[in-house]
Amino acid sequence: MFDCHMHTHLSGDSQAHLDEMCQAALQKGIGTLCITEHVDIGHPDKEILFLCEPYREREQIERAREQFPQMTILWGLEVGYMPATIAQTRLYAQRYGLDYLLYSVHVAGGWDCYDKEYYEGLTRRQAYLRYLDAVYDSLLAWDGFDCMGHLGYIAKCAPYADPALRLGDYREAVEAILQRLVEMGKGLEINTSSFPKTGGPMPEADILRRYREMGGEIATIGSDAHAPEAVGQYFRQALALAEAAGFERLCYFKGHEPVFEPIEKMAAALR
């Protein structure tokens with residue numbers, strides 16, 4: 001069993017230490033972790049620096065590998081898209097011998113979707129379409145990643161009673177993104193951090209099913225944990241949704257190559 005998305009104190013928005021994350025993972029039956037610290041060059045937040053130092057990340061991973069020899073601990077980055085800095089981002093991400101590059105969109109229209117200012121003066125539809133347009137633009141700007149991260153991130157942050165981003169509401173925009181991913185041969189992350197807010201993963205189950213119908217074969221799973229208690233959160237529910245969407249296996253990445261495991265085996269490992 002694996003968890004392919006998590007952050008430690010090196011990300012800027014977490015206070016967790018990697019040894020704590022590893023201990024939490026083992027308690028839940030998870031033996032493979034990919035650490036994906038933030039790289040958001042030019043992020044508008046003035047208080048938090050979403051830019052890790054990859055060599056410090058590698059050093060803490062090497063220490064954790066010595067401390068937890070029974071685990072597989074992989075080196076990744078979560079790379080954020082912003083049009084003004086994508087050239088720098090590409091160069092930054094290609095400098096290191098990583099296992100995994102997760103590509104995410106947090107910022108659209110100059111604001112992170114987490115910030116209330118993002119929604120000012122916009123209808124719900126305008127806010128969601130602006131986010132989806134940014135995701136599509138990100139796929140035109142770079143192809144050097146492995147998986148698209150938390151498609152539907154805006155739903156985790158939006159100030160609406162029912163914030164879920166569903167296929168039926170934005171079909172044309174969502175299907176354009178999925179088609180682009182399939183054509184590029186890129187994967188889609190099943191991110192479970194939205195369960196407390198929306199009751200489902202990012203992307204929602206209907207989008208995950210549509211990705212599979214359109215020929216998508218590469219999917220991974222990540223908790224997006226920023227604290228030990230969030231490692232592997234809602235994985236059993238997410239695995240059931242992935243299976244219902246038509247997936248028989250999910251993967252993690254090692255040296256940018258997918259390593260697949262049957263969902264049945266993954267579910268059996270969870271505690």
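The values are calculated or read from the model by the stated rules, or taken from the named source; none is laboratory data. What you see is a predicted model; the values in this text were computed from it and never measured. Virtual Cβ from ideal backbone geometry, glycine too; neighbours counted across all protein chains shown. Areas reflect the complete protein model, heavy atoms only, side chains present, ligands, DNA and RNA absent. Shrake-Rupley method; radii C 1.70, N 1.55, O 1.52, S 1.80 Å.
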Output for Cβ contacts, cut-off 8 Å, separation at least six or different chains, first residue farther than 16 Å from residue 131 by Cβ in the stretch 167-193, second polar (S, T, N, Q) and part of a loop (DSSP other than H, G, I, E, B), reads 192/223; 192/233; 193/223; 193/233
Single residue of 129, 122, 140 found to be aliphatic (A, V, I, L, M) and closer than 24 Å to residue 90 by Cβ
140
Would you call residue 139 crowded, with 21+ Cβ neighbours inside 10 Å, under 25 Å from residue 77 (Cα atoms) and in contact with a Lys or Arg (Cβ under 8 Å, 6 or more places away or on another chain)?
yes
Could you check how many residues of the stretch 13-33 are open to solvent by 10 Å² or more (accessible area, probe 1.4 Å) and either modelled with pLDDT under 95 or not in a helix (DSSP H, G or I) (or both)?
8
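Among what's in the stretch 87-105 and is within 18 Å of the chain's Cα centre (by Cα) and either in a helix (DSSP H, G or I) or among the polar types (S, T, N, Q) (or both), pick the residue that is nearest to residue 187 (Cα to Cα). Before you say what the answer is, go through the steps one by one.
Let us first name the residues in the stretch 87-105 that are within 18 Å of the chain's Cα centre (by Cα), namely 89-90, 93, 98-105.
In the following step, the residues that additionally are either in a helix (DSSP H, G or I) or among the polar types (S, T, N, Q) (or both) were identified as 89-90, 93, 104.
Values: 89: 19, 90: 18, 93: 17, 104: 12 Å.
Only one residue fits best here, namely 104.
Looking at 268, 242, can you tell me which residue is without any contact (Cβ under 8 Å) to a residue 12 or more places away in the chain, over 18 Å from residue 179 (Cβ atoms) and either touching a strand residue (DSSP E or B) at 6+ places or on another chain (Cβ under 6 Å) or not hydroxyl-bearing (Ser, Thr, Tyr) (or both)? Steps first, answer last, please.
Numbers: 242 fails: without any contact (Cβ under 8 Å) to a residue 12 or more places away in the chain.
268 is the lone residue from the list that is without any contact (Cβ under 8 Å) to a residue 12 or more places away in the chain, over 18 Å from residue 179 (Cβ atoms) and either touching a strand residue (DSSP E or B) at 6+ places or on another chain (Cβ under 6 Å) or not hydroxyl-bearing (Ser, Thr, Tyr) (or both).
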Filter pass, residue 197 being basic (Lys, Arg), in contact with a helix residue (DSSP H, G or I) (Cβ under 7 Å, 6 or more places away or on another chain) and open to solvent by 20 Å² or more (accessible area, probe 1.4 Å):
yes
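Return the residues of the stretch 116-152 that are of a type in the set (Asp, Glu) and in contact (Cβ under 8 Å) with a residue 12 or more places away in the chain; say none if nothing qualifies. It would help to see each step written out before you state the result.
In the first step, residues of the stretch 116-152 are kept if they are of a type in the set (Asp, Glu); the result is 117, 120, 133, 137, 143, 146.
133, 137, 143, 146 - these are the residues of the stretch 116-152 that are of a type in the set (Asp, Glu) and in contact (Cβ under 8 Å) with a residue 12 or more places away in the chain.
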Single condition residue 108 does not satisfy, out of (1) under 21 Å from residue 186 (Cα atoms); (2) in contact with an Asp or Glu (Cβ under 8 Å, 6 or more places away or on another chain)
(1)
Identify the single condition in (1) surrounded by fewer than 16 Cβ atoms within 10 Å (Cβ to Cβ); (2) charged (D, E, K, R); (3) closer than 14 Å to residue 173 by Cβ that residue 133 does not satisfy, given that it satisfies every other one.
(1)
